[in-house]
Amino acid sequence: MAFYRNSTKRHGALHAVAVPFEALKGRIRQLYEGDTFGCIKFRYALLALDIVTVLFIIATSFLPRNRAIESLDVVFGVLILADFAARMIISRQPLHDLARLSTWTDIVVIISFLAPLAGEAGGFLRAFRTLRLLRDYQMVARLRIDSPFFRRNEEVVFAVANLGVFIFVMTGIVYETQKSHNHQIANYADALYFTVTALTTTGFGDITLPGTVGRLITVVIMIFGVTLFLNLAKALLAPSKVRFPCPVCALQRHDVDAVHCKACGTVLNIPDEGMD
């Protein structure tokens, strides 16, 4: 009888803890997934945090370490950790999310901001934070609703973002792998200069990456860089498209003045924002 009473008490205590936690999880999920004005503002604030974080990473890459930068590191690290923890709390498939590359990039970035790393040792890890800008599908959906410019130029925006992320990450790789033994790579500016010249296949030759690893990095920059440049050129030169799901075949993108779906011929009623 006593065992039953003790079990009942433990169960009641666990239930008392679980109820507030579920309520908290519901409020957090509402912030991240809700459609109210406050929730939308919150997600725009998260997007702004990502952009500011990237700008901070770029700016501090060229500056000597000091106490002010280290303090800001901790601030950004705590904010990113809070965002990461909130996303994991509301995750419907936490094990699946833990297997995603984007989750682990957030983890290494959090460590790089909060761990006592000396000098620029964390610069390469922090570059992966830029990948975060490309993964928030809810934010992309919101931008499609709120921004006519984004709707008209979505492919160009993503092409520019992909190219920018590639340049920044490869600059970090070049710097971290070359700074200790290549006197031509003295700072991030040198690494950025080499990355851009290799990516555009200009190849001035005033900065080179010696050794097998250096040559492999150069090959990766040239191959993937040319591909991303071609994607950007295609997005800039291709006819403008609008996103409007066909009600029959669900084809997503159509010509601005399309009357019929090219895939199934269904009559479309694409909203017209008016001509200038």
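The values are calculated or read from the model by the stated rules, or taken from the named source; none is laboratory data. These numbers were taken from a predicted model, which means no experiment stands behind them. Cβ coordinates were reconstructed from backbone atoms using ideal geometry, including for glycine residues, and neighbour counts include every protein chain displayed. Heavy atoms of the whole protein, side chains included, go into the accessibility calculation; ligands, DNA and RNA do not. Shrake-Rupley method; radii C 1.70, N 1.55, O 1.52, S 1.80 Å.
Given R₀ = 30 Å, FRET efficiency for Lys41-Trp104 by Cβ-Cβ distance, to 0.05?
Working: r = 29 Å, r/R0 = 0.97.
Efficiency at R0 = 30 Å is approximately 0.55.
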(message) Before I look further, what does the stretch 172-258 give for accessible area per residue, probe 1.4 Å, in whole square angstrom?
(response) 58 Å²
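Figure the gain on full extension for Leu63 and Val196 (residue separation times 0.36 nm, minus the Cα-Cα span) and round it to one decimal in nm.
Numbers: separation 133, 0.36 × 133 = 47.88 nm, distance 2.07 nm.
Answer, rounded to one decimal: 45.8 nm.
Going through the stretch 48-91, which chymotrypsin sites (Phe, Trp or Tyr not before Pro) have at most 13 other Cβ atoms within 10 Å and a DSSP loop state? Write down the numbers at each step before the final one.
On the way: sites: Phe56, Phe62, Phe76, Phe84; in loops: Phe62.
Answer by residue number: Phe62.
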(request) List, in order, the whole-Hz ³J(HN,Hα) value for each residue of the stretch 260-269 obtained from phi through the Karplus relation with A = 6.51, B = -1.76, C = 1.60 and θ = phi - 60°; use x for Gly and Pro. (result) 10, 5, 5, 7, 10, x, 5, 5, 9, 10
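Answer rounded, prolate or oblate for the stretch 66-116, using the Cα gyration tensor with square roots of eigenvalues a ≥ b ≥ c: rounded when a/c is under 1.5, else prolate when a/b is larger than b/c, else oblate.
On the way: a/c = 4.59, a/b = 2.27, b/c = 2.02.
The shape class here is prolate.
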(request) Pop a pseudo-label 7 angstrom from the Cα along the beta-carbon direction at both Thr227 and Ser91 and give the gap in nm to one decimal. (result) 2.7 nm
